[in-house]
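Worksheet: one structure, shown below.
The values are calculated or read from the model by the stated rules, or taken from the named source; none is laboratory data. Values in this document were obtained by computation on a predicted structure and should not be read as measured data. Quick reminder, even Gly has a Cβ in these numbers, built from the backbone with ideal geometry, and neighbours come from all protein chains shown. Calculation scope for accessible area: heavy atoms of the full protein, side chains included, ligands and nucleic acids excluded. Shrake-Rupley method; radii C 1.70, N 1.55, O 1.52, S 1.80 Å.
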Amino acid sequence: MSFPPSFLEEIRSRLSLSEVIGQRIKLTRAGREFKGCCPFHNEKTASFTVNETKGFFHCFGCGAHGDVISFVMQNDRLSFHETIEILANKAGLDVPQFSPQEVAKAQQQKTLHQICETAAQWFEQQLHSTAGRAALAYAQSRGLKENDLHRFRLGYAPLDGQALIQHLKGLGFETALMIEAGIARQRESDGQTYAFFRDRLMFPVADRRGRVVAFGGRLISGDGPKYINSPDHPLFHKGKLLYNLSRAREAAPRGAPVIVVEGYMDVIALVKNGFEAAVAPLGTALTEEQMEELWRLGASEGDPILCFDGDSAGQRAAERALLRALPLLSAGKTFRFAFLPHGQDPDDLLKSAGIAGMNEALKTAIPLVDMLWRLESGRRPLNTPEAQAGLKKALEDQIKLMADATVQKFYRAAFGRRLDEQFQKPAQAYKNTNYNNKLSKFNRAIPPSPPPPLPHPQIIWQRQCLLALLRYPQLFDEVGVQLVTLELKGPLDKLWQAVVTNIENQPSLDSSGLRERLRDLGWDDPLKSILAQGVEARAWLKEGETIDDVRAGLQDIIALHHRHATQATFRQMAQQYEQQTDDEMRRRISAMRQELNHDHDER
């Protein structure tokens, strides 16, 4: 008897093809693949390639081709069984013994695959039946077209708990195997068998090779949990698989970003809009096995992105994922974290802001190192030496959870720099100053604390413009074009865009209406913060100032921004002047200097 296909597939999935081959011949990376001289014929120019993502090697010289098993067989001149024993030991697996029980188990797995596929086909048919009208209407209300239903093989499990069981019995499948596959259950009270999924929109779950092995079901009516998933069984372990995994395995090496979201509909919405490497866990928090699976996808564009809602629940979920990932980090294995606008999931965001909105959210994804810093530094105020020491200890405790010593080393270095930047005094600021020359010997040993660094002008101007428009939105009609062309940048970019967009879309909004609209969109906390703090103590921004005062203040910002940009251009031209002495450059610099002087005189 041959080895069970599932066992051979487990060997292939656990072992790195490039690592196994690289232990026998010299390989070098070439883009997404590895190259080397073929061990099966004599050559001087490398024509042997290894594709880690697709799991095969190929020689363009002699045509040799295969997977990790066939390579070791040919290269080491071993029998198939000898090869399997070596690779199974390397992968940490026990070699199956071909007892009568093993033969029966292999046949059982084959039958379970057949049951799951047959059930998936039957569910698809039921979605377009009279009984499935409500489920079909729900799917259509979520924006799914007929080709979407077909592409993702959505179906319907009728309320009748016997319909599927009778259908499968009629095809010769045994009830015990239906129960084993998670399709049916047996009631303890009377021993009657009934369908596990009833009155639910069905989402088939495929394994790494695209074979249906389980289902998720969304409740259509009545009481019960909104979503349920198949119970674990010989073909399916919910903590190891990911929804849409087989499609992501093909899309990620082609450049599609790997995006992890919460649910089935989020994945479908993303795939429909071109994000084909989107996946989701199956009713559980992201597990270690699923994280390893994400890294095996071989994405060519960046690290996998864990995508969360921007509310407190999303923050907690992100923290759980981060802490679970720490022991697994190693060279090339990490995550980025993206947070969506408050109250929106990927499906909502795509409908409201389109592909551009989703891309913008993904652009803001932060590396795991930044996420860990934010998490720990945000737990406590950092205004005392004791609190700062507490932060340092907390970061060190998290670093100790990392199993990879090299990763630990670089995290310590990264956090060490950040701690120094945030808490240590820059001594250079006090070197050779007149003030220090007059200090006593004792005082010179203890330089005064430096003033806190001033925010960048762009950040100050952005905050001032935000507060001005929140108080007098009608001013946007007068200076809006000038403000938008300033391209102000700062930590409140998204709030700034939300304010501008809402005023443009609803010009009649007054101050209270604009604030209410922004709160509805999830901007309540940033609004409270900026309104409570005021901005840089500018008189024209204080509560109660007239619209004329605020208008004048905005015009002042526009003038300051223009002067700032002109000065930057002047500095750049002056640098060029050191290398270029032509008359045209002198003329341009002279004109620029006159403009700056004139601007200064007017002020």
Hey, residue 290 touching a strand residue (DSSP E or B) at 6+ places or on another chain (Cβ under 9 Å), part of a helix (DSSP H, G or I) and over 24 Å from residue 13 (Cβ atoms) or not: no
Test set (1) assigned to a loop (DSSP other than H, G, I, E, B); (2) modelled with pLDDT of 95 or more; (3) among the small types (Gly, Ala, Ser) - residue 325 fails condition number: (1)
Picking from 314, 310, 357, which residue would you name as being at pLDDT below 95 and not in a helix (DSSP H, G or I)? 310
Could you grab me the full set of residues in segment 40-58 that are under 14 Å from residue 17 (Cβ atoms) and either exposed (fewer than 13 other Cβ atoms within 10 Å of the Cβ) or free of Cβ contacts under 8 Å to residues at least 40 places away in the same chain (or both)? 48, 49, 50, 51, 56, 58
Collect the residues in segment 157-187 that are open to solvent by 20 Å² or more (accessible area, probe 1.4 Å) and aliphatic (A, V, I, L, M), keeping them in residue-number order. 159, 163, 171, 176, 177, 179
Quick one: which helices (runs of 4 or more DSSP H) sit completely within segment 1-102 and have at least 1 residues that are more than 26 Å from residue 234 (Cα to Cα) and of a type in the set (S, T, N, Q)? 17-22, 68-76
When you go through (1) polar (S, T, N, Q); (2) crowded, with 21+ Cβ neighbours inside 10 Å; (3) in contact with a helix residue (DSSP H, G or I) (Cβ under 6 Å, 6 or more places away or on another chain) one by one for residue 290, which number turns out not to apply? (3)
Assess whether residue 221 counts as being open to solvent by 20 Å² or more (accessible area, probe 1.4 Å), under 25 Å from residue 127 (Cβ atoms) and assigned to a loop (DSSP other than H, G, I, E, B). yes
So for segment 158-171 (the condition being charged (D, E, K, R), in contact (Cβ under 8 Å) with a residue 12 or more places away in the chain and either assigned to a helix (DSSP H, G or I) or farther than 18 Å from residue 200 by Cα (or both)), does at least one residue qualify? no
Looking only at residues in segment 224-262 that are over 15 Å from the mean Cα position of the chain (by Cα) and charged (D, E, K, R), which one is surrounded by the fewest Cβ atoms within 10 Å (Cβ to Cβ)? 226
Filtering segment 465-491 for residues that are at pLDDT below 80 and either open to solvent by less than 10 Å² (accessible area, probe 1.4 Å) or in contact with a Leu (Cβ under 6 Å, 6 or more places away or on another chain) (or both) leaves a count of 4
